[in-house]
Amino acid sequence: MTTIKELPREEYLLKGHAACAGCGPSIALRLLFKALGNKVFLVVPASCTTVIEGPYPFTSFAVPVQNTLFEAAGATASGIAAALKIRGLDDVTVVGWAGDGGTTNIGIQSLSGAAERETNFIYVCYDNEAYGNTGLQRSGATPYGAWTTTTPMGKKERKKDMPSIMAAHRIPYIATACPSYPVDFINKLRKAKEIKGTKYIHVLTPCPTGWRYDASKTVEIGRLAVQTGVWALYEIEQGKFRLNPPSDRLTDKSQRKPVEEYLSMQERFRHLPEDSIKKIQRWVDGDWEHYQTLASLERCI
Amino acid sequence: MGRVMIDTANHVAAYAAKAARVRVVAAYPITPQTTVVEKIAELVEKGEMDAEYICVESEHSAIAACIGAAAAGVRTFTASSAQGLALMHEALHWASGARLPIVMVVVNRAMGAPWSIWPDFSDSLSQRDTGWIQFYCADSQEVFDTVIQAYRLCEDERIFLPAMVCLEGFILSHKYVPVKIHDQDDVDAFLPPYRSGWILDTSNPVTCVNLVSPEWYMEFRYMIQEAMENAKMLIPKIDKEYGERFGFRYGGLVDKYLCEDAELVICTMGTMGAEAKIAANNLRKEGLKVGVARIRVFRPFPVEEIRKLAEKARMIATIDRHISFGMDGFLATEVKASLYDMKNKPSIAGFIAGLGGRDVTFKTIEKVARKCMKWLGNGRVERETEWVDLRDVKT
Ligand SMILES: Cc1ncc(C[n+]2csc(CCOP(=O)(O)OP(=O)(O)O)c2C)c(N)n1
Ligand code: SF4
């Protein structure tokens, strides 16, 4: 286990990058580089990240980056992984770094293909629960009730459970994370690096621009997502499901804060009527019963 | 030395990829391309070809995987056809824009709807503006030789662009003919190890193809245009050197036949170019001065060569296995565009033939040529675009 103090001082996400103030994904990216160092080939499909890099001839990334098509992170990473094998470069980690749109929607085919082929790489979905790059439209990962520019009255459907879809691929390692819990995230990345095959990490990354809260509150909102149980921190290692701290004690309902605390801090949920909030609370409670069952199983899939 | 084998153009394409020492292949099956990738998969499985074969889940992923592998520093190959090629369309721009020297065999097949598995050039010609170099082959030997030439060209620092090597489905793809497969040592001597403009490298990190502002985008496009111009100069050189080493030459950009004194030049592509030569032989026996210009390279388009031919000929007949709806075949358009400012240019007649695999034999071409000769005698082209052997249809 790494502690905060042991993290490297080197920064591979350089100063002056183009993210919005308080951007959750850029915090997560900075942590990713801290966890994996600079021996990575980063694959980036169209997303906020393509903007965060900064325009030619500049870049804010101090690692090699292959930008690729919106739906192609999984496939491009497959090609890179194959080339690394040919070149015998086994000390380089291939990382797909894609948004929730590029993962749960348009890119799911190439990710699924890569996972099924057991491609050796880490795929990180940074989930800001919308298409940030194109101005905040709904994605498959947008939660029920959330305002986006294409769901002006709030999304009517639930969030797609992408980690479970990845679990159905029976890949060796799946984890959820949130940059508000940096050590947890870093440890998961480091663990993933040591495992051969396809590793999937889904990291909830609050987005002040899209979620409509003050830019100084990103870490706090992420914590609340976890503390209310809206976002659970867990791992599925070789099929075995395990809740991680601080989520592991939340199967006890009394430990979970009411979801309203999380929702009320974000303007994207402002219009939500009382009964919708109750419905979300019921769903969250149901999820936790499900987690409890999963934790008791030898294999979750 | 080499060895002569009797096989299909598709298998020959696979052997060419092997001879080129391709290291990563990513492809998705589609008729009539399938046997190219099946053969490669077999060669890789048997250990006869030292490569990674990535069984991708779509054509889009096939080309995206090639992009990744080429960027990570190895020679890549893919093959596709029709709807598969169309599904790649977006990524084709990406490959050329990133200046990655990927080579793809396109087994030409007509686009649906309605479904057709038989050939025309509508699939690859729709990709005309993607920044890929496009070769069109007339026989199986040319397929082998062009794949090797294409790698040599694409990996030249003056080019660094991807290329398509196109061959017509079934007419070539599944036809067994004798073909010479050159010795590995000879191919190695002709084709140096993989080179590209840049590779992913942790000791020299670059951000490849990131956002480019209006201040710079045009310059990137201009560099591709320059590379295309360079290709016009390099392709004939490479073809010549190849000919000296291996004995097979294809005329560089345009395969010209009996053009020196031709009154009528038949300008066409692919196997129709081979048929046109037979037609020209037959017509010459009747005293008709017919020559053939088979366009071997469609991108870059051999404007200068067409102009040279036009200085001598009285008429150019283009035969397109393609139609750009609302206009005419691309070959006709481009030949006309090449000549528009010439004084005393020859008349031009365009023919649309062989769509969806309809047979275009030397007999069809003779018929077309005779019609042109008649028009030439009358001093006027009766129809600027004519569909050859069209049935009566009500629209
Ligand atoms: C084929 C294609 N369709 C649409 C787009 C436009 N586009 C670029 S990024 C993007 C949204 C990205 O959303 P997400 O993956 O969630 O990442 P984020 O921007 O939130 O970081 C869209 C729709 C594109 N680049 N390519
Ligand atoms: S829109 Fe959101 S995710 Fe995108 S850069 Fe801004 S804060 Fe970050």
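The values are calculated or read from the model by the stated rules, or taken from the named source; none is laboratory data. Just so it is clear, the structure is predicted and the values come from calculations on it, not from any experiment. Glycine gets a Cβ as well: all are built from the backbone with ideal geometry, and neighbour counts include every protein chain shown. Heads up: the accessible areas ignore ligands, DNA and RNA and are worked out on the full protein's heavy atoms, side chains in. Shrake-Rupley method; radii C 1.70, N 1.55, O 1.52, S 1.80 Å.
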Amide hydrogen neighbours beyond the local backbone of B:Glu52, cut-off 5 Å, H modeled: B:Val24, B:Val25
Label B:Lys175 and B:Lys46 with points 7 Å out from Cα along Cα→Cβ: what is the distance between them in nm? 2.6 nm
Please list A:Leu233, B:Leu211 from largest to smallest accessible area, probe radius 1.4 Å, with all protein chains kept in place. B:Leu211, A:Leu233
In nm, what is the difference between 0.36 nm times the number of residues separating A:Ala62 and A:Lys196 and their Cα-Cα distance? 45.7 nm
Hey, got the average number of other protein chain Cβ atoms within 10 angstrom for residues in B:51-62? 6
Name the residue farthest towards the positive end of the dipole of the stretch B:277-395 from the options B:Gly326, B:Ile365, B:Phe351, assuming +1 on Cβ of Lys and Arg, -1 on Cβ of Asp and Glu, about the Cα centre. B:Ile365
Tell me which DSSP H helices of chain B clear both cut-offs, 20 Å or more of axial length from alpha-carbon atoms and a mean Kyte-Doolittle hydropathy of at least 0.0. B:82-97, B:140-154
Amide H of B:Ile266 versus every other amide H placed in the peptide plane: which residues, excluding those fewer than 5 positions away on the same chain, fall under 5 Å? B:Gly291, B:Val292, B:Ala293, B:Ala317
Highest first, please rank the peptides A:110-120, A:13-23, B:302-312, A:92-102 by the mean number of other Cβ atoms sitting within 10 Å of their residues. A:92-102, A:110-120, B:302-312, A:13-23
Could you tell me how far the Cα centroid of the stretch B:201-262 sits from the Cα centroid of the stretch A:225-301, in Å? 57 Å
For B:Gln134, other-chain or 5+-apart residues with amide H closer than 5 Å (H placed, Pro excluded) are B:Met164, B:Phe298, B:Arg299
Express in whole angstrom the spacing between the alpha-carbon centres of the stretch B:20-71 and the stretch B:98-175. 15 Å
For the stretch A:148-228: rounded, prolate or oblate by the Cα gyration tensor [a/c cutoff 1.5]: oblate
Output the Cα-based Rg and Dmax of chain B in Å, rounding Rg to one decimal and Dmax to a whole number. 20.8, 71
One finds the C-alpha centres of the stretch A:43-83 and the stretch A:147-219 to be spaced, in Å, by 19 Å
Restricting to chain A, compute how many DSSP beta bridges are antiparallel as a %, nearest 5. 30 percent
Carbon/sulfur accessible area of the stretch B:41-148, % of total, 1.4 Å probe, equals 55 percent
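Which helices, counted as full DSSP H runs in chain A, have an axial Cα extent of no less than 15 Å and a Kyte-Doolittle average of -0.5 or above?
Details: long enough: A:24-36 (18 Å, 1.15); A:73-87 (21 Å, 0.86); A:182-194 (19 Å, -0.86); A:274-296 (34 Å, -1.17).
Within chain A the helices that satisfy the rule are A:24-36, A:73-87.
Relative to the present Cα-Cα distance, how much length would full extension add between B:Glu157 and B:Trp198 at 0.36 nm per residue of separation?
Separation in residues times 0.36 nm, less the Cα-Cα distance, equals 13.7 nm.
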Given R₀ = 51 Å, FRET efficiency for B:Lys394-A:Asp161 by Cβ-Cβ distance, to 0.05? 0.40
Exposure ranking of B:Met164, A:Met153, B:Met5 by accessible area [1.4 Å probe, largest first]: A:Met153, B:Met5, B:Met164
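Count, for each residue of A:43-55, the Cβ atoms from other chains sitting within 10 Å of its Cβ, then give me the mean as a whole number. If you can, show how the numbers build up before the last one.
Working: counts 4, 4, 1, 1, 0, 0, 1, 4, 2, 2, 3, 3, 6.
Rounded to a whole number, the mean comes out at 2.
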Can you give the average number of partner chain beta-carbon atoms within 10 Å of each beta-carbon in peptide B:71-79, as a whole number? 5
Taking loop as defined by DSSP and a crowding limit of 13 other beta carbons within 10 Å, which GluC sites (Glu not before Pro) in the stretch B:23-96 fit? B:Glu48
Over the stretch B:173-240, what percent of the accessible surface lies on carbon and sulfur atoms, probe 1.4 Å? 58 percent
Under 8 Å for C-alpha pairs, at least 6 residues apart: give me the relative contact order for the stretch B:243-319, rounded to a whole percent. 44 percent
Note on the protein assembly as shown, DSSP bridge orientation, antiparallel percent to nearest 5 equals 25 percent
Could you give the accessible area per residue of the protein assembly as shown, probe 1.4 Å, as a whole number in Å²? 40 Å²
With label points built 7 Å along Cα→Cβ from the Cα atoms of A:Asn38 and A:Thr134, find their separation and express it in nm. 3.5 nm
Tally the DSSP beta bridges in the stretch A:163-301 and give the antiparallel ones as a percent, rounded to 5. 60 percent
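Would the stretch B:1-58 count as rounded, prolate or oblate if I go by the C-alpha gyration tensor, calling it rounded below 1.5 in a/c and otherwise prolate when a/b exceeds b/c, oblate otherwise?
Details: a/c = 2.30, a/b = 1.30, b/c = 1.76.
It is oblate, given that a/c is not under 1.5 and a/b is not larger than b/c.
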Interface B/A, total buried accessible area with a 1.4 Å probe, nearest 100 Å²? 3000 Å²
Cα gyration tensor category, rounded, prolate or oblate, for the stretch A:1-117 with a/c compared to 1.5: oblate
Less than 13 Å from a label point 7 Å out along the Cα-to-Cβ axis of B:Ala113: which backbone N atoms in the stretch B:66-91 qualify, by residue? none
With springs only between Cα atoms under 10 Å, which of B:Thr34, B:Thr318, B:Thr78 fluctuates most in a Gaussian network model of chain B? B:Thr34
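First measure r as the distance between the Cβ atoms of A:Lys5 and B:Glu226, then evaluate 1/(1 + (r/R0)^6) with R0 = 41 Å and state the FRET efficiency to the nearest 0.05.
For R0 = 41 Å, the calculated efficiency reads 0.15.
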